[in-house]
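The values are calculated or read from the model by the stated rules, or taken from the named source; none is laboratory data. Just so it is clear, the structure is predicted and the values come from calculations on it, not from any experiment. Positions of Cβ are generated from backbone atoms using ideal geometry, with glycine treated the same way; all protein chains shown enter the neighbour counts.
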Amino acid sequence: LEEGEHDALGAIFGELEIHNKDAGQFFTPSGVTDLMASLVTDFDMMVDAIHAKGYVTVQEPAVGAGAHIISMAKHMRKMGFNYQRQMHCIAIDIDSRCVHMAYLQFSLLGIPAIIYQGNTLSMEMRGVWYTPQHIMGGWRYKLNKSKESQPETISPELAAEILQI
C-alpha cells in the first residue's frame, strides 16, 4: 500500500483461494475496478458535488476487501482530489473476514468510512466499524449536517442526478 492504492488483501485472499465460492464470493481484480472507477467518475460532476457540500459519498453493498472503493480513491487522487478529505464511504459485507480486510485497508489508506457487517438485501446489520479517518475527520458531524440541510422530499430529477454522482 505504501507504493500506491491497491487491494493487497483481496489479491492474497483470491490467490490462496480461501474465499467462499459456494456463496458466490468473488474478488474483482484491481485492473477491472480501476477501469470501473474511471468510467463512473466525471471530473466536472465531481467538482460540482464537492463544491456543493465539500465531499462525495460512495457506497459499496458487497465491499469484499474494498477493491472498488480503493480504486475510486486512487482515481480521485489522479484527478487532483484529496480522497482522505473529499470522499466518504459506507460499505457493507456479510462476511466478517471481508469487513475486517476492508477496515484494515481503508484505515491504512486514510479512507473515511463506515463499514457494516450485515446483509445488504435484508438490511440486517450485526456490527459497525468506523475508520480512524472517519473519526478524526469529524465525518459524523459532516454527514449529519448534510442530512439536516437536505429537503424532506426531492424531485425525481434531483434523485437521478444524485444517483449519477
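Couple of notes before you dig in:
- Every residue from region 58-93 that is touching a residue at least 60 places away in the same chain (Cβ under 8 Å) and either under 14 Å from the mean Cα position of the chain (by Cα) or closer than 18 Å to P132 by Cβ (or both): A67, I70, S71, A73, K74
- Criterion applied to A73, A23, A62, A8 was being of a type in the set (A, V, I, L, M), out of contact with any helix residue (DSSP H, G or I) (no Cβ under 6 Å at 6 or more places or on another chain) and at pLDDT 85 or above, and the one residue passing it is A62.
- Tally, over region 26-43, of residues that are of a type in the set (V, I, T), in contact with an Asp or Glu (Cβ under 9 Å, 6 or more places away or on another chain) and either at pLDDT below 60 or not in a helix (DSSP H, G or I) (or both): 1
- Residues of region 82-124 satisfying the condition of being among the hydroxyl-bearing types (S, T, Y) and out of contact with any Gly (no Cβ under 9 Å at 6 or more places or on another chain): S107, T120, S122
- Residues (touching a Ser or Thr at 6+ places or on another chain (Cβ under 9 Å) and crowded, with 24+ Cβ neighbours inside 10 Å) located in region 72-84: M72
- When every residue of region 112-124 is checked against the conditions, none turns out to be at pLDDT below 90 and touching a helix residue (DSSP H, G or I) at 6+ places or on another chain (Cβ under 9 Å).
- Tally, over region 85-117, of residues that are crowded, with 24+ Cβ neighbours inside 10 Å, in contact with a Pro (Cβ under 9 Å, 6 or more places away or on another chain) and part of a helix (DSSP H, G or I): 1
- All positions within region 63-84 that are assigned to a loop (DSSP other than H, G, I, E, B), out of contact with any strand residue (DSSP E or B) (no Cβ under 6 Å at 6 or more places or on another chain) and over 14 Å from L39 (Cα atoms): G64, A65, G66, G80, F81, N82
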